[in-house]
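Structure first, commentary second.
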Amino acid sequence: MNIVRRKKLKMWRVSHDFTQRDVAKILDIATSHYSLIEQGINNPSYELLIRFEKKFKTENTLDLFEKEKD
C-alpha cells in the first residue's frame, strides 16, 4: 500500500512548535480537516493555501503541501 503524506508540511509544523490544533485554529478550520490535509487524504483549497501563506509568512507554501510517498 502506497501511503501519500505531506511530510514537509508536518516537518514545518513541528519545527515551529505548532500542534495540528494550533495551525487549524490560526487558519480557522477544524483540526480534523487540517489533519486530513497533512495526511494527504484531503487537499487544501486555493483560498486555504493563500490564507496559510499570509498567516505564516511562508514563501514555499506549494512545496510544503506537496505529497510524498512513504
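Read-outs throughout are calculated quantities, based only on the coordinates presented, and are distinct from any laboratory measurement. None of the values given here were measured: they were computed from a predicted structure. For neighbour counting, all protein chains shown are included, and Cβ atoms are generated from backbone atoms with ideal geometry for every residue, glycine included.
Count neighbours as other Cβ atoms within 10 Å of each site's Cβ, and list the GluC sites (Glu not before Pro) in the chain that are DSSP loop with at most 14 such neighbours. Spell out each step's value before the answer.
Values: sites: Glu38, Glu47, Glu53, Glu59, Glu66, Glu68; in loops: Glu59, Glu66.
Answer in residue order: Glu59, Glu66.
What does the charge dipole of the chain about its Cα centre add up to, to the nearest 20 debye, if the Cβ of each Lys and Arg holds +1 and the Cβ of each Asp and Glu holds -1? Don't jump to the answer; show the numbers that get you there.
Working: 14 positive and 11 negative charges, 21 e Å.
So the dipole magnitude of the chain works out to roughly 100 debye.
Please report the base-10 log of the normalised intensity I(q)/I(0) for the chain, using a Debye sum with one equal scatterer per alpha carbon and no solvent, at each q in 0.22, 0.23, 0.26 (1/Å).
Cα-only, vacuum Debye calculation for the chain: -0.95, -1.05, -1.37.
Counting other C-beta atoms within 10 Å, and keeping those with at most 15, which DSSP coil chymotrypsin sites (Phe, Trp or Tyr not before Pro) do you find in the chain? Intermediate results must be reported in sequence, preceding the final value.
Details: sites: Trp12, Phe18, Tyr34, Tyr46, Phe52, Phe56, Phe65; in loops: Phe18, Phe65.
Those that pass, being in a loop and sparsely packed, are Phe18.
State, as an integer percentage, the relative contact order of the chain based on alpha-carbon contacts under 8 Å between residues 6 or more apart.
Values: 69 pairs, mean separation 34.8, N = 70.
Once divided by the residue count of the chain, the mean separation gives 50 percent.
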